[in-house]
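Colleague: Before anything else, here's the structure in question.
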Amino acid sequence: MLKLGVNIDHVATLRQARFRNREETSRSEPDPVAAALACERAGCHGITAHLREDRRHIVDSDVVRLRRSIGTRLNLEMANTPAMVDFALAVRPDIVCLVPERREEVTTEGGLAVAANLSAITETRKRLGDAGIDVSLFIAPDAREIDAAARSGAGFVELHTGAYAEAYHQKAPRQNELERLIAGASQAHGVGLKVNAGHGLTLENLALIHLVPHLVELNIGHSIVSQAIFTGIETAVRDFLGAMATYKSS
Ligand code: PXP
């Protein structure tokens, strides 16, 4: 069964729009931890949170509270910096997804440059692995990066679906991006990596993601939180789970 990890950053984005300068964010609304628990009640398989260097949405205490509160898996997205690695080792999420991070970007725009930073990523993978934390690498569906991801010893890759989502309404570019995802998932599976995917996925563009083989989990945030404004977050999660239910992995 294709699993759903809900990225609750966007709940925190809304909170920070009003409460950024308050010290005790946990008493402000909307609370991303309460949202995570509602997503779990609706049947999601994991909760994803991205602790950005500038703490623009999720803050450290959110991650600590998520770790204590949720019953599914906690996936912590973070940059590969010494401070973030120390934080992850202290909080112990189930899985860390290493992502690239540029301060000026609105959201994570590109994939991680694994081949160019193989020794640093391998070192972090080992430190986290020794602490019992799985590691996933958020990468473009690029043969060189997938090969490097396998060499790093990571258990998972998360294929960046942002380019596919951007191209979705133009037939030829969409087909091209879909083929890149299909080839990337096949290659990653072939070298023993487990394959997740995410970024920019919606109820509409999910339909063709069913053509990408070997997927274990999708991480979806913005569209679920957007739909939640109209339907409530539990219904939004159920709608996405319903749209994923007929996926066959190969
Ligand atoms: N996966 C990763 C690694 C991300 O950085 C993001 C964006 O926060 C997502 C998945 C979810 O993307 P979206 O919010 O567009 O669904």
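The values are calculated or read from the model by the stated rules, or taken from the named source; none is laboratory data. The model shown is predicted, which means the values in this text are computed figures rather than measured ones. All Cβ positions, even for glycine, are placed from backbone atoms using ideal geometry, and neighbour counts span all protein chains on display.
Colleague: What tally of residues in segment 189-205 results from selecting those that are within 15 Å of the ligand (Cβ to nearest atom) and surrounded by 18 or more Cβ atoms within 10 Å (Cβ to Cβ)?
Modeller: 8
Colleague: Do we find that N117 is away from the ligand (no atom under 16 Å from the Cβ) and under 21 Å from H50 (Cβ atoms) in this structure?
Modeller: Criteria met by N117.
Colleague: Oh, and also: Please find, among V64, V33, V11, the residue that is under 26 Å from D86 (Cβ atoms), modelled with pLDDT of 95 or more, surrounded by fewer than 20 Cβ atoms within 10 Å (Cβ to Cβ) and of a type in the set (V, I, T).
Modeller: Answer to the check: V64.
Colleague: Next question, about the same structure. Look through Q170, Q175, Q227 and report the one residue that is crowded, with 17+ Cβ neighbours inside 10 Å and more than 23 Å from A115 (Cβ to Cβ).
Modeller: Answer to the check: Q227.
Colleague: Further question on the same structure: When you go through E53, E40, E77 one by one, which is the residue that is away from the ligand (no atom under 16 Å from the Cβ) and either hydroxyl-bearing (S, T, Y) or at negative phi (or both)?
Modeller: Of E53, E40, E77, the one residue that is away from the ligand (no atom under 16 Å from the Cβ) and either hydroxyl-bearing (S, T, Y) or at negative phi (or both) is E40.
Colleague: Further question on the same structure: Quick check on segment 1-17. Is at least one of its residues in contact with a helix residue (DSSP H, G or I) (Cβ under 7 Å, 6 or more places away or on another chain) and closer than 29 Å to A115 by Cβ?
Modeller: Yes: one or more hits.
Residues checked against (1) surrounded by 24 or more Cβ atoms within 10 Å (Cβ to Cβ); (2) among the β-branched types (V, I, T); (3) within 12 Å of the ligand (Cβ to nearest atom):
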residue	(1), (2), (3)
A140	no, no, yes
A143	no, no, no
G155	no, no, no
E158	yes, no, yes
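Colleague: Of the residues G162, G184, G132, which single one is farther than 19 Å from G198 by Cβ and under 20 Å from the mean Cα position of the chain (by Cα)? Steps first, answer last, please.
Modeller: Numbers: G162 fails: farther than 19 Å from G198 by Cβ; G184 fails: farther than 19 Å from G198 by Cβ.
Step by step, each of G162, G184, G132 is checked, and only G132 is farther than 19 Å from G198 by Cβ and under 20 Å from the mean Cα position of the chain (by Cα).
Colleague: Does L112 count as part of a strand (DSSP E or B), within 12 Å of the ligand (Cβ to nearest atom) and surrounded by 20 or more Cβ atoms within 10 Å (Cβ to Cβ)? It would help to see each step written out before you state the result.
Modeller: Values: part of a strand (DSSP E or B): no; within 12 Å of the ligand (Cβ to nearest atom): yes; surrounded by 20 or more Cβ atoms within 10 Å (Cβ to Cβ): yes.
Criteria not met by L112.
Colleague: Could you check, for segment 57-71, whether at least one of its residues is β-branched (V, I, T), assigned to a loop (DSSP other than H, G, I, E, B), within 13 Å of the ligand (Cβ to nearest atom) and under 27 Å from K248 (Cα atoms)?
Modeller: The answer is no; no qualifying residue exists.
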